[in-house]
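Read the figures in this text as sums done on the coordinates, not as results from a lab. Everything quoted here is computed from the prediction, not taken from an experiment. Reconstructed Cβ throughout: ideal geometry from the backbone, glycine too, with neighbour counts over all protein chains shown.
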Amino acid sequence: MRIGDAHINLYRWIAKGVPRLGVSLSGTARHNRGVEEAAMLQIKQLDHLVLRVVDLRAMMQFYMDVIGCTLEKVQEKIGLYQLRAGSALIDLVPVDGPAGQKGGKPPGREARNLDHFCLQIEPFDGEAIIAHLKRHGAEPGPVESRYGAAGQGPSIYVADPEGNMVELKGPPWQADARS
């Protein structure tokens, strides 16, 4: 899909009554009824995500040695390995363990766990990050400008050993650096 097509589809979606950006669906319904009410859930940040894994050793090596996470907690009884990623956790659950068996078929290149997740990286030196990833056998994409929670800025996509896409996102561009 070309960027122009995406914009056309977005406008068609909005024309059908989809709320404005930054407004929740329930917030829109309350607004339409004329009732002012605070949202029940106030999201602060991502707490954790859980990846079902086939090769725990390879995944731990990637997230710890390549990405820079640290081992926070191991709950072997349920098959849960928790890695610290800044203020969030990346949980690894082997598919053959107690918790992993509940999720169906194992993930892979054709049956991923999710589209991608994003880790904010500071400082962000794109060339150094790409060189680091390549030294560890990863195949990162180029540095591209993408929009994230903090705004438009540099990012790199790289797949982990089981095909989950990880976005490494730098801080937003300075106002005068990119328009």
Size of electric dipole in the stretch 69-179: Cβ of Lys, Arg +1 and of Asp, Glu -1, about Cα centre, debye, nearest 20: 240 debye
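Quick check on my link table: of K73/K105; K105/K134; K44/K102; K44/K73, which ones sit more than 27 Å apart, alpha carbon to alpha carbon?
Over 27 Å apart, Cα to Cα: K105/K134; K44/K102.
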Can you give the log10 of the normalised intensity I(q)/I(0) at q = 0.14, 0.26, 0.27 Å⁻¹, computed with Debye over equal Cα scatterers of the stretch 41-115? -0.45, -1.27, -1.31
Given the stretch 79-179, what percent of its DSSP beta bridges are antiparallel, to the nearest 5? 75 percent
Quarter of the surface of the C-alpha convex hull for the stretch 74-171, i.e. direction-averaged projected area in nm², equals 7.1 nm²
